[in-house]
1. Run down Lys183, Lys166, Lys139 and say which single residue is basic (Lys, Arg), closer than 29 Å to Arg101 by Cβ and not assigned by TED's automatic domain parsing to the domain that holds Pro102.
2. Restricting the stretch 1-23 to residues that are among the charged types (D, E, K, R) and out of contact with any Asp or Glu (no Cβ under 6 Å at 6 or more places or on another chain), which is nearest to Asp55 (Cα to Cα)?
3. Output the number of residues of the stretch 135-183 satisfying the condition of being of a type in the set (Gly, Ala, Ser), modelled with pLDDT of 90 or more and not in a helix (DSSP H, G or I).
4. Looking at the structure I just gave you, is Asp12 modelled with pLDDT under 90 and farther than 25 Å from Phe157 by Cα?
5. Within the group Glu107, Glu103, which residue is within 22 Å of Leu46 (Cα to Cα), modelled with pLDDT of 85 or more, surrounded by 14 or more Cβ atoms within 10 Å (Cβ to Cβ) and not aromatic (Phe, Trp, Tyr)?
6. Taking the conditions exactly as written (surrounded by fewer than 18 Cβ atoms within 10 Å (Cβ to Cβ) and among the hydroxyl-bearing types (Ser, Thr, Tyr)), does Ser56 satisfy them or not?
7. If you take the residues of the stretch 116-148 that are among the charged types (D, E, K, R) and over 20 Å from the mean Cα position of the chain (by Cα), which of them is nearest to His48 (Cα to Cα)?
8. So Ala145 ticks every box in (1) under 16 Å from Gly63 (Cβ atoms); (2) assigned by TED's automatic domain parsing to the domain that holds Ile177; (3) among the aliphatic types (A, V, I, L, M) but one. Which box is left unticked?
Amino acid sequence: MNNFVKEKLPGDYLVGYPHIERVRQNALMLQKKFGGDKEIIEVAALLHDIGRIKDSAQHGKYGPKISEDFLKKIGYPGEKRKKVVRAVAVHGVEDWDTAGRPENLEEKIVYDADKMDLVCVSWLFKVFLLCKTAGLDFKDAMKHARKTLDKNYSEMFFMKEELKQKYEFLIKILDEIEGEIEK
């Protein structure tokens with residue numbers, strides 16, 4: 001499974017396999033702390049962004065189907081497969097309107113594990129690069145960064161308190177940049 005993900009996703013630090021591995025490690029740490037089915041959590045963490053092989057911007061839309069097909073192909077048990085696919089489907093706030101919110105412990109752990117990798121300085125650079133590629137001006141990129149950071153942080157289930165200092169640091173950086181832009 002690890003090889004499948006490594007092969008399919010690029011080596012990009014921010015959205016490729018290095019991100020997947022960080023999320024997997026985060027998920028395993030959370031599982032040790034809070035419990036849950038370790039296998040479901042680890043498999044879902046590995047597959048959570050697999051939809052990027054079809055469309056990075058809408059990976060949440062494609063990830064569940066790609067995960068389902070892959071897990072069926074390798075003979076992964078049906079009940080476990082459903083749980084993994086559901087955790088993949090609900091790992092992003094942007095997909096909650098269609099897929100629903102994380103409900104069980106495993107889904108919440110995969111969600112938080114992914115968002116833990118978002119609350120970091122390198123994530124800000126990713127947002128700015130992606131916004132530039134999408135043709136947004138810098139002020140719009142700043143608004144997008146703040147909105148995304150606020151939304152994802154505020155929806156965390158377990159790690160909000162542990163990441164509060166990092167979150168506040170990132171907000172301070174955004175405030176500083178906005179202040180410089182407005183001069």
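The values are calculated or read from the model by the stated rules, or taken from the named source; none is laboratory data. The model shown is predicted, which means the values in this text are computed figures rather than measured ones. No Cβ is skipped: glycine too gets one built from the backbone with ideal geometry, and neighbour counts run over all protein chains shown.
1. Lys166
2. By that ranking, first place goes to Lys8.
3. The initial filter retains those residues of the stretch 135-183 that are of a type in the set (Gly, Ala, Ser), namely 135, 141, 145, 154, 179.
Filter once more, keeping what is modelled with pLDDT of 90 or more: 154.
Imposing the further condition that a residue be not in a helix (DSSP H, G or I) reduces the set to none.
Within the stretch 135-183, residues that are of a type in the set (Gly, Ala, Ser), modelled with pLDDT of 90 or more and not in a helix (DSSP H, G or I) number 0.
4. Values: modelled with pLDDT under 90: yes; farther than 25 Å from Phe157 by Cα: yes.
Yes; evaluated as a whole, the condition is true for this residue.
5. Just one listed residue meets the conditions, Glu107.
6. Values: surrounded by fewer than 18 Cβ atoms within 10 Å (Cβ to Cβ): yes; among the hydroxyl-bearing types (Ser, Thr, Tyr): yes.
So Ser56 passes the test.
7. Pass one, the stretch 116-148, residues among the charged types (D, E, K, R): 117, 126, 132, 137, 139-140, 143, 146-147.
When the remaining residues are screened for being over 20 Å from the mean Cα position of the chain (by Cα), the result is 132, 137, 139-140.
Working: Lys132: 25, Asp137: 30, Lys139: 30, Asp140: 28 Å.
Of everything passing the filter in the stretch 116-148, Lys132 is nearest to His48 (Cα to Cα).
8. (1)
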